Amino acid sequence: MMNYNVDENGFYGEFGGSFVSNSLRESLEELKLNYLRIIESEDFQTEFGYLLKHYVGRPSPLYEASNLSEKFNARIFLKREDLNFTGAHKINNSLGQVLIAKRLHKKRVICETGAGQHGVATATACALMKMPCRVYMGEADIKRQFPNVCRMKMLGAEVCPVKTGTMTLNEAVNAALADWEKSSSDVFYVMGSAVGPHPYPDMVARLQSIISKEIKQQLVEQTGRNCPDYIVACVGGGSNAMGAFYHFLDECHTKLVLAEAGGKGCDTGMTAATVQSGTADVLHGSRTLVLHDKDGGVADTYSISAGLNYPGIGPALANLVKKGRVSAYPVNDDEAMCAAFELARLEGIIPAIESAHALAVLPKMKFKKDDIIVVNVSGRGDKDLETYLRFVD
Ligand SMILES: *Cc1c(COP(=O)(O)O)cnc(C)c1O
């Protein structure tokens, strides 16, 4: 059987690794030596498990969407990560990483955010655990995701606007990494997705793997089967996708499908469809698939969804795509918007624009009547209402 796990050097096949300056090597080495021991310890499992249940509200429901099922003539289940406290899957990862930071005796947290969901989740975890928190966010995202900026400030976090390049997620990650490089060893970087240098991609995937663990149990209860035919998830860096796929990676009967942000179209230059058009390169400390511009630099990406607007994907997913275990569909802005309205009207659920990309894959696929499809609804749409309403006008 194919092995999709990370190796001891932090590689997934040809992707991954740790390409960082000397000043970060020590912090990463410390994390690498300790993260598995901490995550697997009884003490961590007890505290993390308690918080996931009583603070986040897990398990999140697995809901059989009958109206959507009727429309696509198959059994469609929605994994409701949108119902988590703070409105997305991000809180699973933020709580886990801040618990790890505590156990490593760190005094302060920095992070980056795109749509603001990771910033809000990390600011929440930091308030709870009495950690000062600094969030880097692109100026363009600050404008389009303003409610989340207000939430972070109310939670006591410092929000630092990033004004370089496209002023979105890519530049926010650059700014956060630059800050981390010059910070002292008592600062912990809470990475928001399954990206970055080893061991972040593996650590984040493990913290998010609760999603697929629950899907397995819930499917058995509701259908008598423990594996669906398909799991569909949107991908920015890949944390909700890795979480939803994790416990199914070796179940070759289950097809794993990514929805990536096509933006205005893969051939328009206004896109973030990394799997479609990316090539191998080093981005944010790991070797992975990266979108390039015609001069070979990292491309300026575009998507209507701030959370998917990223020029790379995590190295684990890059490897899974390369090995043929995971397939990807680009979804354009307007297709995602239509899928969001469809879910709202058919099921009464307003998804995040990110999650709407996953739903928009359904009409692109062919199903059999008995097929079981799980779509990961990574977050809720409250933050996106303004964008949705502008689309209807
Ligand atoms: C951040 C975010 C994403 C994209 O990030 P991944 O790491 O790829 O999961 C998707 N959906 C929502 C709701 C988000 O907040």
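The values are calculated or read from the model by the stated rules, or taken from the named source; none is laboratory data. Note that the structure is predicted; figures quoted are calculated from it, not measured. Because the Cβ atoms are built from the backbone with ideal geometry, glycine has one as well, and the counts that use them run over all protein chains shown. Surface accessibility is based on the protein's heavy atoms, side chains included, excluding ligands, DNA and RNA. Shrake-Rupley method; radii C 1.70, N 1.55, O 1.52, S 1.80 Å.
Annotations for the structure displayed:
- Pair list, Cβ < 6 Å and 6+ apart or interchain, from segment 178-193 residues that are in contact (Cβ under 8 Å) with a residue 40 or more places away in the chain and open to solvent by less than 10 Å² (accessible area, probe 1.4 Å) to residues that are more than 15 Å from the ligand (Cβ to nearest atom) and aromatic (Phe, Trp, Tyr): Tyr189/Trp180
- Check on Tyr230, within 18 Å of the chain's Cα centre (by Cα) and of a type outside the set (A, V, I, L, M, F, W, C): no
- Of everything in segment 259-288 that is more than 20 Å from the chain's Cα centre (by Cα) and of a type in the set (Val, Ile, Thr), the residue that is farthest from Met365 (Cα to Cα) is Thr279.
- Residue within segment 124-134 that is among the β-branched types (Val, Ile, Thr), in contact (Cβ under 8 Å) with a residue 12 or more places away in the chain, surrounded by 24 or more Cβ atoms within 10 Å (Cβ to Cβ) and under 19 Å from Tyr200 (Cβ atoms) present: no
- Number of positions in segment 66-113 that are open to solvent by 10 Å² or more (accessible area, probe 1.4 Å), part of a helix (DSSP H, G or I) and more than 16 Å from the ligand (Cβ to nearest atom): 8
- Test: residue in segment 197-210 that is of a type in the set (A, V, I, L, M, F, W, C) and over 14 Å from the mean Cα position of the chain (by Cα): no
- Boolean, Ala172 is in a helix (DSSP H, G or I) and open to solvent by less than 10 Å² (accessible area, probe 1.4 Å): yes
- All positions within segment 377-393 that are crowded, with 18+ Cβ neighbours inside 10 Å and of a type in the set (A, V, I, L, M): Val377
- Restricting the first member to segment 102-113 and to residues that are farther than 15 Å from Leu31 by Cα and in contact (Cβ under 8 Å) with a residue 12 or more places away in the chain, and the second to residues that are crowded, with 24+ Cβ neighbours inside 10 Å and polar (S, T, N, Q), the beta-carbon pairs closer than 6 Å and six or more apart or on different chains are Cys111/Thr122.
- Residues that are part of a strand (DSSP E or B) and crowded, with 20+ Cβ neighbours inside 10 Å within segment 1-35 comprise Tyr12, Phe15, Gly16, listed in sequence order.
- Among the residues of segment 263-299, those identified as over 20 Å from Glu171 (Cβ atoms), open to solvent by less than 50 Å² (accessible area, probe 1.4 Å) and touching a residue at least 60 places away in the same chain (Cβ under 8 Å) are Gly265, Cys266, Ala280.
- Cross-chain or 6+ apart pairs with Cβ under 6 Å, segment 316-337 first and over 23 Å from Tyr246 (Cα atoms), then assigned to a helix (DSSP H, G or I) and open to solvent by 30 Å² or more (accessible area, probe 1.4 Å): Met337/Phe391
- Listed by position, the strands (runs of 3 or more DSSP E) contained in segment 238-306 that have at least 3 residues being closer than 22 Å to Ala340 by Cα are 255-263.
- Just so you know, in segment 348-376 the residues that are open to solvent by less than 30 Å² (accessible area, probe 1.4 Å) and either over 24 Å from Leu289 (Cβ atoms) or not assigned by TED's automatic domain parsing to the domain that holds Leu289 (or both) include one that is nearest to the ligand (Cβ to nearest atom), and it is Pro351.
- Selection count, segment 186-221, where residues are away from the ligand (no atom under 15 Å from the Cβ) and outside any helix (DSSP H, G or I): 7
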